[in-house]
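These notes are about the structure you will find just below.
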Amino acid sequence: MTPDLSQAKGTVAFWLREVRNSLAACDIETAELDARVLLAHVLGCTPMNVYLQQDRELTESEVGFLEKLLARRRQREPLSHILGEKEFWSLSFKVTPDVLTPRPDSETLIQAALDKIRDRTAPLRILDLGTGSGCLLLSLLSELQNASGLGLDISEAALAVARENAERLGLSERAIFIKSDWTSALARKEKFDVILSNPPYIGLSEKESLPPEVREFEPERALYSGEEGLDDYRKLITRLPDFLAVDGFILFEIGAGQGASLKELLSNAGIREIEIIKDLAGRDRCVAWRP
Ligand code: GLN
């Protein structure tokens with residue numbers, strides 16, 4: 001049942017409960033948090049500060065706005081699409097349905113890259129393949145004052161989002177975004193010190209087990225890669241060594257439980273230096289390698 005919010009009056013505390021109950025009734029596990037985030041969006045404050053306004057009554061137009069947001073979330077639209085942004089590496093990224101929503105798990109790649117870079121003031125060249133929102137490349141550039149980067153994506157719509165994010169973060173002078181089917185737009189002689197990619201890696205057979213927020217709202221091209229989720233890794237593994245500078249390294253995001261498969265793919269390609277890095281939850285999340 002959808003509550004008719006527009007008829008009701010109530011305080012912030014009242015609406016927090018209403019929205020939470022309404023989302024919980026749709027089996028949304030994060031109902032409590034989502035309610036707070038939606039209220040914060042309506043009130044124009046941070047989720048933390050919603051509680052400071054518990055006793056304030058919502059205006060009619062605020063209730064109308066909240067009703068629209070709630071209806072969208074009840075359809076399982078991700079919060080990142082409803083709000084149009086998502087935090088990653090403590091930075092705010094614009095998000096649209098054309099890009100994969102940045103996930104906390106992917107911060108593992110940023111930390112791994114920073115751990116491997118010996119001199120963070122060096123003028124490093126970074127390549128990000130399948131850049132999407134640009135979150136990996138731009139987060140890394142935000143930590144490396146003298147680095148510059150190239151983000152590639154096959155989707156023009158995604159590139160527009162990435163360019164806007166570079167602008168928002170004041171990084172557009174150090175980041176270029178170009179349309180490319182994996183490495184197709186790269187000139188043979190180009191070399192990079194750090195190569196990153198969060199390619200699609202979900203197996204088509206897993207599609208039905210994904211949450212509706214992902215399955216129904218995120219770009220398929222950013223999610224699936226053949227039956228086992230490994231097709232794009234195969235392409236990247238053969239193509240990337242040509243573009244790696246001496247002493248450079250390559251980082252891929254991988255799915256939880258894909259560590260063994262990646263080790264095998266890389267070993268079969270003759271790669272000797274392979275390191276699997278886990279995320280904060282202890283799951284395989286990143287493979288670092290170099291030819
Ligand atoms: N980690 C994402 C998920 O599980 C998938 C991202 C990807 O395929 N690169 O939803």
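The values are calculated or read from the model by the stated rules, or taken from the named source; none is laboratory data. These numbers come from a predicted model, not from an experiment. Glycine also receives a Cβ, built like all others from the backbone with ideal geometry; neighbour counts cover every protein chain displayed. Areas reflect the complete protein model, heavy atoms only, side chains present, ligands, DNA and RNA absent. Shrake-Rupley method; radii C 1.70, N 1.55, O 1.52, S 1.80 Å.
Observations on the structure shown:
- This model, with +1 at the C-beta of Lys and Arg and -1 at the C-beta of Asp and Glu, gives region 91-232 a dipole about its Cα centre of some 760 debye.
- The label-point distance for GLU143 and LYS191, in a model that sets each label 7 Å from Cα toward Cβ, rounds to 2.4 nm.
- Relative contact order of the chain, pairs being alpha-carbon contacts under 8 Å that are 6 or more residues apart, as %: 14
- The length gained on full extension between LEU52 and ARG74, counted as 0.36 nm times the residue separation minus their Cα-Cα distance, comes to 5.3 nm.
- Sulfur and carbon atoms: percent of accessible area, the chain [1.4 Å]: 49
- Applying 1/(1 + (r/R0)^6) with r as the Cβ-Cβ distance of LEU204 and ARG234 and R0 = 22 angstrom yields a FRET efficiency of 0.90.
- Take region 110-265 with all the other protein chains still there, run a 1.4 Å probe, and you get 44 Å² of accessible area per residue.
- Cα gyration tensor, region 142-266 - rounded (a/c under 1.5), prolate or oblate: oblate
- Cα-centre dipole for the chain with unit charges at Cβ (Lys and Arg positive, Asp and Glu negative), debye to 20: 600
- Amide hydrogen proximity for ALA245: with H placed 1.01 Å from N in the peptide plane, the residues at 5 or more positions away or on another chain lying under 5 Å are PHE192, ASP193.
- Residues in region 245-251 carry Karplus couplings, in order, of 6, 4, 6, x, 8, 10, 10 Hz; the curve used is 6.51 cos²θ - 1.76 cosθ + 1.60 with θ = phi - 60°, and Gly or Pro positions show x.
- Relative to the longest principal axis of the Cα atoms of the chain, the long axis of helix 31-43 makes an angle of roughly 80 degrees.
- Calculated on the Cα set of the chain, radius of gyration then Dmax: 21.1, 67 Å.
- Amide H contacts of ALA147 (H built 1.01 Å from N, under 5 Å, at least 5 apart or other chain): LEU124
- Extending 7 Å from Cα along the Cβ direction at PHE217 and again at GLU173 yields two label points whose distance is 3.7 nm.
- Across LEU52, LEU266, LEU144, mean-square fluctuation computed from a Gaussian network of the chain (C-alpha pairs under 10 Å connected) peaks at LEU52.
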